[in-house]
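The values are calculated or read from the model by the stated rules, or taken from the named source; none is laboratory data. Just so it is clear, the model here is predicted, and its values are computed rather than measured. Glycine also receives a Cβ, built like all others from the backbone with ideal geometry; neighbour counts cover every protein chain displayed. Side chains are part of the model used for accessible areas, which takes the heavy atoms of the whole protein and leaves out ligands, DNA and RNA. Shrake-Rupley method; radii C 1.70, N 1.55, O 1.52, S 1.80 Å.
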Amino acid sequence: EAGVTQFPSHSVIEKGQTVTLRCDPISGHDNLYWYRRVMGKEIKFLLHFVKESKQDESGMPNNRFLAERTGGTYSTLKVQPAELEDSGVYFCASSQNSGTVQETQYFGPGTRLLVL
Amino acid sequence: LAKTTQPISMDSYEGQEVNITCSHNNIATNDYITWYQQFPSQGPRFIIQGYKTKVTNEVASLFIPADRKSSTLSLPRVSLSDTAVYYCLVGVYNFNKFYFGSGTKLNVKP
């Protein structure tokens, strides 16, 4: 079974440009999460999808960030316009929503974003 | 979410048993305790999860005392490949807001 995949693995852009990150969750997983770690800080929750619906987007830093999950499969996270402080590693995770309390989130390898 | 406190770093030698303790004084009744492992340039990877007493799987054991205000991850006979950051996470069903904290950087020496 394929794990969570993220694309691209690395992205270097200039301040003011737009970048779109993609996450493909494990097939059949209803829950999809975005996290990020900015330089020297801890991994922080950004938002949570249940299928195509945003369940919780309280961690989104500002309106320059837009996440979508059309059709409830893969998700994209767009940063527009990118700022220097957006540099960091963006992780995606998915979980099955099996209806049990033993829910586990499976993480992708992350996308390393550098804004110059 | 209950916040967690872990040692920043630990050193060990190959073949030793490593115990990493996490404090979570404000854990709620419905909270589970989950440990993740992260290697450089990779995403966090699930190790083990528990609610109370002891849980064991093929890679680790998790000990949780009766008051559940702390937990201890036990790694038997570590190898160099166990060098990683270990995160203790506490959260309710579905964990829709994981709080990672700083984690414990385990360095296994030959």
Looking only at residues that are open to solvent by 30 Å² or more (accessible area, probe 1.4 Å) and at pLDDT 90 or above in segment A:35-49, which one is farthest from the other protein chains (Cβ to nearest Cβ)?
A:V38
Please pick out the residue among A:S53, A:S27, A:S75, A:S9 that is surrounded by 14 or more Cβ atoms within 10 Å (Cβ to Cβ) and either modelled with pLDDT of 90 or more or of a type in the set (D, E) (or both).
A:S75
Filter segment A:61-72 for residues that are modelled with pLDDT of 95 or more and open to solvent by 20 Å² or more (accessible area, probe 1.4 Å) and give the result.
A:R64, A:L66, A:E68
Report, by residue number, each residue of segment B:82-110 that is within 14 Å of the chain's Cα centre (by Cα), open to solvent by 10 Å² or more (accessible area, probe 1.4 Å) and either more than 14 Å from chain A (Cβ to nearest Cβ) or at pLDDT 95 or above (or both).
B:D82, B:T83, B:V85, B:K105
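Rundown of residues vs (1) closer than 20 Å to B:T34 by Cβ; (2) touching a residue at least 60 places away in the same chain (Cβ under 8 Å); (3) charged (D, E, K, R), yes/no style:
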residue	(1), (2), (3)
A:G40	no, no, no
A:I43	yes, no, no
A:H48	yes, no, no
A:K51	no, no, yes
A:E68	no, no, yes
A:P81	no, yes, no
A:E85	no, no, yes
A:A93	yes, yes, no
A:L116	no, yes, no
What is the one condition in (1) within 14 Å of chain B (Cβ to nearest Cβ); (2) on the phi < 0 side of the Ramachandran plot; (3) not in a strand (DSSP E or B) that A:N97 does not satisfy?
(2)
Confirm whether B:R77 is of a type in the set (D, E, K, R) and under 21 Å from B:E14 (Cα atoms).
yes
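Every residue, every condition in (1) surrounded by 12 or more Cβ atoms within 10 Å (Cβ to Cβ); (2) within 11 Å of chain A (Cβ to nearest Cβ), yes or no:
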{"residue": "B:N26", "(1), (2)": "yes, no"}
{"residue": "B:Q38", "(1), (2)": "yes, yes"}
{"residue": "B:S41", "(1), (2)": "no, yes"}
{"residue": "B:P44", "(1), (2)": "yes, yes"}
{"residue": "B:S70", "(1), (2)": "yes, no"}
{"residue": "B:L75", "(1), (2)": "yes, no"}
{"residue": "B:L80", "(1), (2)": "no, no"}
Of the residues in segment B:13-32, those that are touching a residue at least 40 places away in the same chain (Cβ under 8 Å) and more than 15 Å from B:F98 (Cα to Cα) come to B:Y13, B:E14, B:G15, B:Q16, B:E17, B:V18, B:N19, B:I20, B:T21, B:C22, B:S23, B:N25
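State yes or no: is A:L32 hydrophobic (A, V, I, L, M, F, W, C), at pLDDT below 95 and either open to solvent by less than 30 Å² (accessible area, probe 1.4 Å) or not in a loop (DSSP other than H, G, I, E, B) (or both)?
On the way: hydrophobic (A, V, I, L, M, F, W, C): yes; at pLDDT below 95: yes; either open to solvent by less than 30 Å² (accessible area, probe 1.4 Å) or not in a loop (DSSP other than H, G, I, E, B) (or both): yes.
Spelling it out, A:L32 is indeed hydrophobic (A, V, I, L, M, F, W, C), at pLDDT below 95 and either open to solvent by less than 30 Å² (accessible area, probe 1.4 Å) or not in a loop (DSSP other than H, G, I, E, B) (or both).
Do we find that A:R112 is modelled with pLDDT of 95 or more and within 14 Å of chain B (Cβ to nearest Cβ) in this structure?
Values: modelled with pLDDT of 95 or more: yes; within 14 Å of chain B (Cβ to nearest Cβ): yes.
Spelling it out, A:R112 is indeed modelled with pLDDT of 95 or more and within 14 Å of chain B (Cβ to nearest Cβ).
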Strands (runs of 3 or more DSSP E) fully within chain B counting 3 or more residues that are of a type in the set (V, I, T):
B:18-23, B:53-56
